[in-house]
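Enquirer: Below is the structure I would like to discuss, written out as structure tokens.
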Amino acid sequence: MDVLKSIGLVSLTTLLSLVVLFLLTKLMGAKQVSQMTMFDYVEGITIGSVAAELATDLDAPLNSLTALVLYGLAAVGISSSPTARRVLTGKPLVLLEDGVLYRDNLKKAKLDINEFLTFCRIAGWFDLNQLQTAILEHNGVVSFLPKETDRPATPSDLGQTPKKTVVQTPFIMDGRLLAGNIRQAGKEESWVHRALLRQGYREERDVLLALWDGGEKLTVFPMEPSAPKGQTERL
């Protein structure tokens, strides 16, 4: 009985820690790892450790729960204070400007030349002469501003006005019609079936993905490699 009781308590405290973590995450705002500052990283590790202790500390779970909530509230408070965030996360550092590489700022950023060059290559810059500015952001990402003569040309540079790009809407996914998407697009299921038949598909279950571009195109990808190749049909 003691074993069952212990298992039950661990299960309850684990669920409680998951609920509290979810609520704190919603409160603090989710970030990708690449967007996290050093403070966010340390805060996340600490909260995770306290949550694990909450799940297994059967003698005094209230202590861990209190600490977990306080850490979360502290993170929210610091996030809402620009001054506190600036003190904890620091300011962006200019690493390169107008052909000058700032050695002191590289030292502050704990970056050596090879690491800086690696960041440049990852971003697609193999010639430093093409860069106007390189800035280390407070989340550890290096931002690059190319020179005007070396940045990619845009349609406006060429005097062109391209048509607006529309996000494709899935009509079929994993062999199932997405009726809600079809209705929202102002189409009918019979319209989709006719389009499939013209491309050699008798049923939607033969289709892995079918995308509508908002115009005259329906792009279809087969469920099986042996089926007809994914192609574009003009309707």
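The values are calculated or read from the model by the stated rules, or taken from the named source; none is laboratory data. This one's a predicted model, so the numbers in the text were calculated from it and none came from an experiment. Cβ coordinates were reconstructed from backbone atoms using ideal geometry, including for glycine residues, and neighbour counts include every protein chain displayed. All accessible areas refer to the heavy atoms of the entire protein, side chains included, with ligands and DNA or RNA removed. Shrake-Rupley method; radii C 1.70, N 1.55, O 1.52, S 1.80 Å.
Enquirer: Which GluC sites (Glu not before Pro) in the range 84-160 pass both tests, a DSSP loop state and at most 15 other beta-carbon atoms within 10 Å?
Expert: When the GluC sites (Glu not before Pro) of the range 84-160 are filtered for loop state and at most 15 Cβ neighbours within 10 Å, 137, 148 remain.
Enquirer: In the range 88-163, carbon and sulfur make up what percent of the accessible area (probe 1.4 Å)?
Expert: 55
Enquirer: By average Cβ neighbour count within 10 Å, what is the ranking of 180-190, 202-212 from highest down?
Expert: The peptides rank, most packed first, as 202-212, 180-190.
Enquirer: What do you get when you divide the Cα radius of gyration of the range 140-233 by 2.2 N^0.38 Å, with N the number of residues?
Expert: The reported ratio for this selection is 1.52.
Enquirer: In whole Å and largest first, what semi-axes does the C-alpha gyration tensor of the range 111-161 yield when each eigenvalue is scaled by 5 and square-rooted?
Expert: 26, 12, 8
Enquirer: Oh, and also: Hey, can you find the accessible area per residue of the range 142-223 for me, probe 1.4 Å, expressed in square angstrom?
Expert: 68
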